[in-house]
1. What length, rounded to one decimal in nm, is gained on full extension from N62 through to D138, with 0.36 nm per residue of separation minus their alpha-carbon distance?
2. Carbon and sulfur atoms: what percent of the 1.4 Å accessible area of the stretch 272-327 do they account for?
3. What nm value, rounded to one decimal, do you get for the distance between K207 and E76 when each label is placed 7 Å out toward the C-beta?
4. If you roll a 1.4 Å probe over the stretch 77-167 with all protein chains in place, what percent of the accessible area is carbon or sulfur?
5. Tell me which residues come under 5 Å, amide H to amide H, from L88 once H is placed; ignore anything under 5 positions away on its chain.
6. Relative to the compact-globule scaling 2.2 N^0.38 Å, provide the ratio for the alpha-carbon radius of gyration of the stretch 172-315.
7. So what is the orientation-averaged projected area of the stretch 226-283, using the convex hull of its C-alpha atoms, in nm²?
8. Take L404 and S382, extend 7 Å from each Cα along the Cα→Cβ direction, and tell me the distance between the two endpoints in nm.
Amino acid sequence: MRIPSEQSFVPIILGGDIGSYSLAREFHQEYGAISAVVPSVMTGIVDHSRILDARPFAEQDNEAAFLDFVISLGRELAAGAGGPRPLLLLGGADQHIRFIARNAERLRVWFTVPYVGEEQLDRATEKDAFYELCRSLDIPFPGTVVHDCADHADIEALPARLAEASVPLPAIVKPSDGVAWGQLEFAGKKKVHTVATEAELKDLISKATEAGYAGTLVIQDLIPGGDSGMHIATFFSDQDGKVRFASCGRVIVEEHAPGALGNSAAIVAQPNDVAIEAGTKMLNELGWTGFSMFDMKLDPRDGSYKFFELNPRLGRNHFYISAAGANVSRFYVQEFLQDGLPEEPEFEEFQNEHLYTILPLRLLRRYVPEDMKEKVERLISSKSYSHPLFYRKETDPRRWYYILVSTMNHYRKFKRHYPAP
């Protein structure tokens, strides 16, 4: 689908995953807008779509080439039927937000950029800086040790450091630099690792270092409980740094395939006052602008929510917000392309309950925790559930065939990586 010349503005979305498609869908639902979507490769998520114009670019890790491509796209799409039109540049993944922040000066010639600068980005997303911020604001987080892979001598001191920080084994291990980690190749690599012994921990560090990872690894207390202990909170802050909107959700089940480990597969949108209070406190301290999302887990040992990270963008599964009735595209348009969000309400906490799922309902029901079964069944019975790819405005049968096959494929993946209890 080509972008009409008479369209008043154009969203340009870097990325091609389910979150990028969700953004294109949201702009189409709210404004009838066709978005330009820039995946690294064409997949069924964006292929044969009638609501977006796919402009694939394979060399997204070549920053100079990618920048030239994005600028050329801006030069092309800025010309509308009535003259120059605004272009809204959005990123679907962390590496896109970092790319936009590093090149903001050149990109702002053609695009409206609704993100913070590099300094705020570093303070919010570098794991050691984030946990220091949590500590200073008295926001709970898991016991944490940050290991510098470039410091080979430090590995011998790890057991003592783990004991001092109250991080028993088994523990969670994840990279501070997710972008660099994603580019690594080594046997057994996962997005997030669980290590049971000191030998496993040292082996993982050794493999990562030999593969070329020179950043830091975060070693954390493994909080008890399954996927349904995970919670998310999404915020929008205006250009003055004031938090204007929040929507929270409880994860029902996550994906467990190695490359997607930790991605939510089903979420129930529901209020969470504790998460909103803590998230607002941190965003005010940062002077944040635009969307942000926090991951946290309810610790059954003390009843607190332990914060894991701040994502400097809408999450991959952010459609849980729009599906519940608060289309996220309106915040971008009103705040950055129009006169700003209305003065009233000053702050909106979205409290509608809704079930977001990328799983077939029959499969989902196998993983719903006991304390959520009644609510989930009520939402299903009232048709208060949504799949981000199930959009009626999409009419190409080839696309619906892909959606059917990929949705049913979850049975195979869950059987292999996360069998139902």
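1. On the way: separation 76, 0.36 × 76 = 27.36 nm, distance 3.99 nm.
23.4 nm is the gain from fully extending N62 to D138.
2. Values: 780 of 1710 Å².
C and S atoms contribute 46 percent here.
3. 4.1
4. On the way: 2060 of 4230 Å².
That fraction is 49 percent.
5. V10, I12, T112
6. On the way: Rg = 16.6 Å, N = 144, 2.2 N^0.38 = 14.5 Å.
Normalised Rg, Cα atoms only: 1.14.
7. Numbers: hull surface 19.0 nm².
If you wrap the Cα atoms of the stretch 226-283 in a convex hull and average its projections, you get 4.7 nm².
8. 3.1
The values are calculated or read from the model by the stated rules, or taken from the named source; none is laboratory data. Note that the structure is predicted; figures quoted are calculated from it, not measured. Because the Cβ atoms are built from the backbone with ideal geometry, glycine has one as well, and the counts that use them run over all protein chains shown. Surface accessibility is based on the protein's heavy atoms, side chains included, excluding ligands, DNA and RNA. Shrake-Rupley method; radii C 1.70, N 1.55, O 1.52, S 1.80 Å.
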